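Asks: Got a structure for you, written out below as structure tokens; questions coming shortly.
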Amino acid sequence: MAQEAEVLFVPYSYLVDPDTRRTLPREISFEQSVIIFDEAHNLEDSCSESASVDLSARFLASCVGEVDSCVERAMTREESFGHEGGEGRTADEFK
């Protein structure tokens, strides 16, 4: 039905948010279409919201811990192979 419609009304979040847009039937093509946004003054916030993510402090701290661990392993590997420049450096120098 939507594929044959000349006018289709959907919330703009269906077009802006890629995850929501994927829920629309594949047959609906927006090529060669005119798209009119009602209440477009909210569009910028909607675009920004759909392109952003929330990261908790715990998650970020975990990421920093993993990076520190990787740097320590890289330094240990470098030292065990006797490469120059790796000796005497600390993980803090890589930050």
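Asks: Looking only at the stretch 1-28, how many residues end up being surrounded by fewer than 10 Cβ atoms within 10 Å (Cβ to Cβ) and not in a helix (DSSP H, G or I)? Steps first, please.
Replies: Here is the first cut: in the stretch 1-28, the residues surrounded by fewer than 10 Cβ atoms within 10 Å (Cβ to Cβ) are 1, 4-7, 9, 18-19, 22-23, 25-27.
Keeping just the survivors that are not in a helix (DSSP H, G or I) gives 1, 4-7, 9, 22-23, 25-27.
So the answer is 11.
Asks: Given the conditions (1) closer than 30 Å to Leu15 by Cα; (2) modelled with pLDDT of 90 or more; (3) among the aliphatic types (A, V, I, L, M), report the number of the one that Val53 does not fulfil.
Replies: (2)
Asks: Hey, another quick one. Scan the stretch 30-75 residue by residue and report those that are assigned to a loop (DSSP other than H, G, I, E, B), small (Gly, Ala, Ser) and surrounded by 10 or more Cβ atoms within 10 Å (Cβ to Cβ).
Replies: Step one: filter the stretch 30-75 for residues assigned to a loop (DSSP other than H, G, I, E, B), giving 30-39, 51-56.
Now restrict to residues that are small (Gly, Ala, Ser): 33, 51-52, 56.
Passing the criteria: only Ala51.
Asks: Now for a different question. Report, ordered by the first and then the second residue, all pairs with beta carbons closer than 8 Å, sequence separation of six or more or different chains, a first member in the stretch 28-39 that is free of Cβ contacts under 8 Å to residues at least 60 places away in the same chain, and a second member that is surrounded by 10 or more Cβ atoms within 10 Å (Cβ to Cβ) and polar (S, T, N, Q).
Replies: Ile28/Gln3
Asks: Contact list please: Cβ distance under 7 Å, first residue in the stretch 43-54 and of a type in the set (Gly, Ala, Ser), second residue open to solvent by less than 60 Å² (accessible area, probe 1.4 Å) and assigned to a helix (DSSP H, G or I), pairs at least six apart or on different chains.
Replies: Here the result reads Ser46/Ser13; Ser46/Val16; Ser50/Val16, each pair linking the stretch 43-54 to a residue that is open to solvent by less than 60 Å² (accessible area, probe 1.4 Å) and assigned to a helix (DSSP H, G or I).
The values are calculated or read from the model by the stated rules, or taken from the named source; none is laboratory data. Just so it is clear, the model here is predicted, and its values are computed rather than measured. Neighbour counts are summed over all protein chains in view; Cβ atoms, including those assigned to glycine, are modelled from backbone coordinates with ideal geometry. To get the accessible areas, we keep the full protein, side chains included, count just its heavy atoms, and leave off ligands, DNA and RNA. Shrake-Rupley method; radii C 1.70, N 1.55, O 1.52, S 1.80 Å.
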